[in-house]
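Sharing a structure below in structure tokens format, with a few things to ask.
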Amino acid sequence: MTDDGLSSTDDLLPEDPAEMLLGAVGFDALSPTDFEEFCFDLMSETGFVNVDWRKGTPKESSPADRGRDIVAQLERRDVDGHQYLETWFVDCKHYTRGVPPEALQGTIAWATAERPDTVLFVASGFFTNGAKDWISSFNQTRPAFRVRTWEMPQLRRLLTDRMDLAFRHQVETSALRRVSEIMAVEHELFDRLWYGRSEASIGDERPEGYSAEIWATAQAAARRIEEQYGVDLLRKDTETQFDWGMLSGKISAIRWVLGAEWDFLDS
């Protein structure tokens, strides 16, 4: 903990994170409930155990969470080898603006009554200076628990070694593609690969072995792809072996990112 009582997360953060790989992060696409679910998974992946999401209702809000959205425990070990569990109350704050001090006071009141080891406030953005000053003043009263805060810089660092978590929860990043973007590209490459292989892209004569119904369906698909991507691009895909190899390599790489085996080129 720092001198002013604010969070020091060095014990949980990567020692040398390659933060430039991640870029800026954003949570605008997440609802408050989505952000709580993200925090639940983040706690699990940063070493916490017995992680309990206190939502307690299928509704968007959690009116009965008793001052914390998540309860989790962190394993600790003394120098003599004694192991024990610290209990953390986690309050998730998904605000479009800075989190004000009055948003913290209910959780602090519950923690004062129930005495966890640590109260952690997690903000999807940042805490106002008023909130930070309020925490600093509160810590000067020497409460029975620590107060820690994670805001955008800490979340960004924690995600650096956990990029799959960012993907799963549709966290926006400036340096990583979202899953929806990757799947859109895979869909386009699939269409172009199918078109390059399809006899429906060559002419109107039905090949031997094709029923009239199947051939009509294939031709309709080919015309749709031509309208969507343009014949010039589609023809260029098969112009040379290099062009065809580039298309095949792109879809193989995209599918590997999505979990398929290398060289999966089915169309």
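The values are calculated or read from the model by the stated rules, or taken from the named source; none is laboratory data. Note that the structure is a prediction, hence the values are computed from the model and not measured. As a convention, Cβ positions derive from the backbone with ideal geometry for all residues, glycine included, and neighbour counts pool all protein chains shown. These area figures cover heavy atoms from the full protein model, side chains too; ligands, DNA and RNA do not enter into them. Shrake-Rupley method; radii C 1.70, N 1.55, O 1.52, S 1.80 Å.
Does the range 121-154 hold any residues that are assigned to a helix (DSSP H, G or I) and in contact with a Phe, Trp or Tyr (Cβ under 7 Å, 6 or more places away or on another chain), and which are they?
MET152
Does any residue in the range 27-47 that is over 14 Å from LEU159 (Cα atoms) and open to solvent by less than 40 Å² (accessible area, probe 1.4 Å) come within less than 8 Å, Cβ to Cβ, of a residue that is among the β-branched types (Val, Ile, Thr) and assigned to a loop (DSSP other than H, G, I, E, B) six or more places away or on a different chain, and which pairs are these?
Correct list of pairs: LEU30/VAL171.
Follow-up. List pairs: first in the range 155-173 and farther than 19 Å from SER31 by Cα, second of a type in the set (D, E, K, R), Cβ under 8 Å, 6+ apart or cross-chain?
Between residues of the range 155-173 that are farther than 19 Å from SER31 by Cα and residues that are of a type in the set (D, E, K, R), the close pairs are ARG157/GLU19; THR160/GLU19; ARG162/GLU45.
Being under 31 Å from the mean Cα position of the chain (by Cα), open to solvent by 10 Å² or more (accessible area, probe 1.4 Å) and among the aliphatic types (A, V, I, L, M) is the filter here; which residues of the range 133-160 pass it?
Residue satisfying the conditions is MET152 alone.
Determine the pairs where a residue that is at negative phi and open to solvent by 60 Å² or more (accessible area, probe 1.4 Å), located within the range 242-265, has a partner that is β-branched (Val, Ile, Thr) and in a loop (DSSP other than H, G, I, E, B) with Cβ atoms under 9 Å apart, the partner being 6 or more residues away or on another chain.
Matching pairs, first to second residue: TRP244/THR238.
Hey, could you check the range 211-241 for residues that are touching a residue at least 40 places away in the same chain (Cβ under 8 Å), under 19 Å from ALA184 (Cβ atoms) and of a type outside the set (Phe, Trp, Tyr) and say which is most open to solvent (accessible area, probe 1.4 Å)?
Selected residue: LEU233.
Can you report the number of residues in the range 162-211 which are at pLDDT 80 or above, under 17 Å from TRP256 (Cα atoms) and outside any helix (DSSP H, G or I)?
Qualifying residue count, the range 162-211: 0.
List the pairs whose first member sits in the range 190-205 and is within 13 Å of THR217 (Cα to Cα) and of a type in the set (Gly, Ala, Ser), whose second member is open to solvent by 80 Å² or more (accessible area, probe 1.4 Å) and at pLDDT below 90, and whose Cβ atoms are under 8 Å apart, counting only residues at least 6 apart or on separate chains?
The qualifying pairs do not exist here.
Now for a separate question. Evaluate the following for ASP16: is it open to solvent by 30 Å² or more (accessible area, probe 1.4 Å), at pLDDT below 50, more than 22 Å from THR118 (Cα to Cα) and of a type in the set (D, E, K, R)?
yes
Let me ask you something else. Consider the range 90-112. How many of its residues are of a type in the set (S, T, N, Q), open to solvent by 40 Å² or more (accessible area, probe 1.4 Å) and closer than 21 Å to THR141 by Cα?
Within the range 90-112, residues that are of a type in the set (S, T, N, Q), open to solvent by 40 Å² or more (accessible area, probe 1.4 Å) and closer than 21 Å to THR141 by Cα number 2.
Here's another thing I want to ask about it. Can you tell me which of GLY125, GLY106, GLY81, GLY98 is touching a residue at least 24 places away in the same chain (Cβ under 8 Å) and more than 25 Å from the chain's Cα centre (by Cα)?
GLY106
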